[in-house]
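K.L.:
Here's a structure for you.
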Amino acid sequence: NRAELYGSFDTDVVRVAQPIASLAVEQLSDPFKGKDETSAQARDMQTVRHSEHTLRTALISKNPALVSQYEKLDAGEKRLMDKAFRPDSDLFGPITLHSQSDWITSHPEAPQDFEEFFNDPYRQTPSPQKHSIYIQCIGLLGNTRSISEEYVKWLKGYCEAFFYGLTVKLLEPVPVSATRCSFRINDNTQNLQIHAGVGIFSFARYGSDFYSSHYEGKLKKLQKKSSSDYSVFDNYYVPEVTSVLLLRSCKTLTHEIGHIFGLRHCQWLACLMQGSNHLEEADQRPLDLCPICLRKLQSAIGFHLKDRYKALVRWVDAESTDTPTVSPECSREDPLSLPKPVEAFKEWREWITKCLAVLQK
């Protein structure tokens, strides 16, 4: 894939294998269909629902020191986080499984509560000396380098709001050849694939037609290339910059950096930190954290929830000005104006507004 992005914290990351845990799920019915009309997909839908006691313990802990730490939170912050175990909450809900191929079903793993996160000796905690996140763009996204740079700046701004209080730095973009990663041409899709042992995610596969038979990025003719010949990436097709592409990129970027801070896949509530096996499942994940994962990130970084949510709203509302782009009919250097496409973030912005109302009540 032509454009990849690698996010890292400026300390080493250590992953620890965890034992397998099982999850209780219940069947969901479709309220909009009659019994005979219920589709196979609806019949397969399940919800992962935990008891109020389980969620309370996962959020607050039974450890007296961690309970005391929670009680010292701002009253508004406690009010918001307490909604994690309120059955009538309209802000946080249970995880819905849509198929047997979803992550939780196919990748059973132990859930991580706040106490386990807090006691993890390997998790990364910022310090005055180490408080920066570095983003490295591999290849270009868009018709010109200026579009690619602007897109990554949008991600930088989002990352700074999401991980409020930390510095986010952009490294100079490099070509694929500079990574020295091996690659292959997928025999089935004819798409290029980079093999890497680091946290790289692809913009290309977030294009709306990446998995379709008419995807423009397919190589027109098969080529045998050595592992050191990266010429096949020259002028490679890149997806159109859209609001949905930006939304998906923001999700994946913050999810993966969340792992660097020690947050494992969430199995408590609908949450950004849920794992995903496929694009449909990734799209169904919310854009932000459940209260349990939010407390983990707040503990690691030290932000106030109100400041963080306000920063996220500012990012959505901030318009990009004088941003160059080109239309398909224009040359690669013909600049036009491209505002930041945030249409897909509208529903999420409304959700943040509700959270702020709870915090400021």
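Every number in this text was worked out from the coordinates using simple rules, so none of it is lab data. All values reported here derive from a predicted model rather than from experimental measurement. Positions of Cβ are backbone-derived with ideal geometry, glycine not excepted, and every protein chain shown enters the neighbour counts.
K.L.:
Report, in whole Å, the centroid distance computed from the Cα atoms of segment 121-162 and segment 244-319.
P.N.:
15
K.L.:
Want the number for K306 to D283: 0.36 nm per residue separation, take away the alpha-carbon distance, what's left? Don't jump to the answer; show the numbers that get you there.
P.N.:
On the way: separation 23, 0.36 × 23 = 8.28 nm, distance 2.59 nm.
Stretched out fully, the K306 to D283 stretch lengthens by 5.7 nm.
K.L.:
Next up: State, to one decimal in nm, how far the label point of W351 lies from the label point of K78, with both points 7 Å from Cα in the Cβ direction.
P.N.:
Distance between the two pseudo-spin positions: 2.6 nm.
K.L.:
For each pair in K83/K153; K153/K354; K72/K340; K306/K346, compute the distance between the two Cα atoms and list the pairs where it is over 30 Å.
P.N.:
As for pairs spanning more than 30 Å Cα to Cα, those are K83/K153; K72/K340.
K.L.:
Pull out the extension gain between Y134 and D317, defined as 0.36 nm times the separation in residues minus the alpha carbon to alpha carbon distance; nm, one decimal.
P.N.:
Once the chain is fully extended between Y134 and D317, it gains 63.4 nm.
K.L.:
For E343 and D209, calculate 0.36 nm times their separation in residues minus their Cα-Cα distance, and state this gained length in nm to one decimal.
P.N.:
Between E343 and D209, full extension yields an extra 46.3 nm.
K.L.:
Given Cα positions, please report Rg to Rh for segment 44-103, the hydrodynamic radius being the Kirkwood one. Don't skip to the end; give the middle numbers.
P.N.:
Numbers: Rg = 14.3 Å, Rh = 13.2 Å.
Rg/Rh for segment 44-103 comes to 1.08.
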